[in-house]
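Asks: First, the structure itself, so that you have it in front of you.
The values are calculated or read from the model by the stated rules, or taken from the named source; none is laboratory data. This is a predicted model, so every value here is computed, not measured. Methodologically, a virtual Cβ is constructed for each residue, glycine included, from the backbone with ideal geometry; neighbour enumeration extends over all protein chains shown. Heavy atoms of the whole protein, side chains included, go into the accessibility calculation; ligands, DNA and RNA do not. Shrake-Rupley method; radii C 1.70, N 1.55, O 1.52, S 1.80 Å.
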Amino acid sequence: MTREEASQILHHFTKGESLLRHARTVELVLRAYAQKLNQDPELWGNTGLLHDADYEAYPDRHPQVVVELLRERGEAEMAHAISAHYSHWGVPHDSLLDKALLGCDEITGFVVACAQVRPQRLSGLEAKSVLKKLKQASFAASVDRGEVRLGAELLQVDLAAHIDFIIQSLQPHAEELQLTPISSEA
């Protein structure tokens with residue numbers, strides 16, 4: 001599947017700016033991890049892009065709709081990773097892609113949330129600040145902290161190093177992601 005085909009599927013199901021940005025951020029992080037781990041950046045990036053594609057249109061059937069679509073298109077590896085990207089669904093994490101998607105989904109959203117409340121956004125954001133916010137249950141309360149920790153364990157990475165990698169993966173795309181520093185000019 002090409003990036004263009006994945007983008008068409010995403011935009012068919014998803015219209016909301018926030019969810020589209022989340023899909024893009026997870027795509028960017030997975031592409032970066034694929035390069036770091038000598039995996040297929042196209043497969044990994046497209047998986048990140050599509051992992052929540054059906055969430056807005058079919059919240060009660062998520063992720064079955066996009067998983068079925070991907071299986072019909074012969075994208076079994078991508079479909080399995082998406083079906084396993086939340087541990088409470090009980091789908092085993094067999095491949096490195098499965099582990100990477102679970103390991104990057106929640107924490108990438110959390111890093112973006114941390115950046116959004118800072119005037120400098122992604123610029124200068126450090127893992128220690130993100131880790132401090134993780135301990136604050138009321139901040140980005142919908143982020144499952146257990147999934148964040150499990151994801152780092154599955155990837156066998158230190159959580160702080162993982163967060164640093166995510167920040168570094170997103171920073172070159174700060175303008176596209178609307179995460180550039182807020183100007184103090186009036």
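Asks: Out of segment 73-107, which residues are of a type outside the set (Val, Ile, Thr), assigned to a loop (DSSP other than H, G, I, E, B) and more than 14 Å from the chain's Cα centre (by Cα)?
Replies: 73, 74, 75, 90, 92, 93, 94, 95
Asks: Next question. Give the residue that is farthest from residue 12 (Cα to Cα), with candidates limited to residues of segment 34-73 that are crowded, with 17+ Cβ neighbours inside 10 Å and of a type in the set (Ser, Thr, Tyr).
Replies: The selected residue is 47.
Asks: Kindly provide the set of residues from segment 150-177 that are under 20 Å from residue 132 (Cβ atoms) and loosely packed, with under 15 Cβ neighbours inside 10 Å, ordered by number.
Replies: 158, 160, 161, 168 - these are the residues of segment 150-177 that are under 20 Å from residue 132 (Cβ atoms) and loosely packed, with under 15 Cβ neighbours inside 10 Å.
Asks: Pairs only if they're at least six apart or on different chains, beta carbon under 8 angstrom, first in segment 108-124 and more than 21 Å from residue 86 (Cα to Cα) and assigned to a helix (DSSP H, G or I), second of a type in the set (D, E, K, R) and open to solvent by less than 50 Å² (accessible area, probe 1.4 Å); list them, first residue then second.
Replies: 115/121
Asks: Additional query: Could you check segment 139-149 and list, in sequence order, the residues that are exposed (fewer than 15 other Cβ atoms within 10 Å of the Cβ) and touching a helix residue (DSSP H, G or I) at 6+ places or on another chain (Cβ under 6 Å)?
Replies: Residue satisfying the conditions is 139 alone.
Asks: Taking the options 114, 104, name whichever one is over 23 Å from residue 41 (Cα atoms) and open to solvent by less than 60 Å² (accessible area, probe 1.4 Å).
Replies: 114
Asks: Name the one entry in 130, 143 that is part of a helix (DSSP H, G or I) and in contact (Cβ under 8 Å) with a residue 12 or more places away in the chain.
Replies: Working: 143 fails: part of a helix (DSSP H, G or I).
Testing whether each residue is part of a helix (DSSP H, G or I) and in contact (Cβ under 8 Å) with a residue 12 or more places away in the chain leaves just 130.
Asks: If you go through segment 14-27 one residue at a time, do you hit one that is of a type in the set (A, V, I, L, M, F, W, C), farther than 21 Å from residue 96 by Cα and surrounded by 14 or more Cβ atoms within 10 Å (Cβ to Cβ)?
Replies: Yes, because at least one residue in segment 14-27 is of a type in the set (A, V, I, L, M, F, W, C), farther than 21 Å from residue 96 by Cα and surrounded by 14 or more Cβ atoms within 10 Å (Cβ to Cβ).
Asks: Could you please tell me which pairs satisfy a Cβ distance under 8 Å, a separation of 6+ or placement on different chains, a first residue in segment 65-79 that is more than 16 Å from residue 54 (Cα to Cα) and in contact (Cβ under 8 Å) with a residue 12 or more places away in the chain, and a second residue that is open to solvent by 10 Å² or more (accessible area, probe 1.4 Å) and part of a helix (DSSP H, G or I)?
Replies: 77/43
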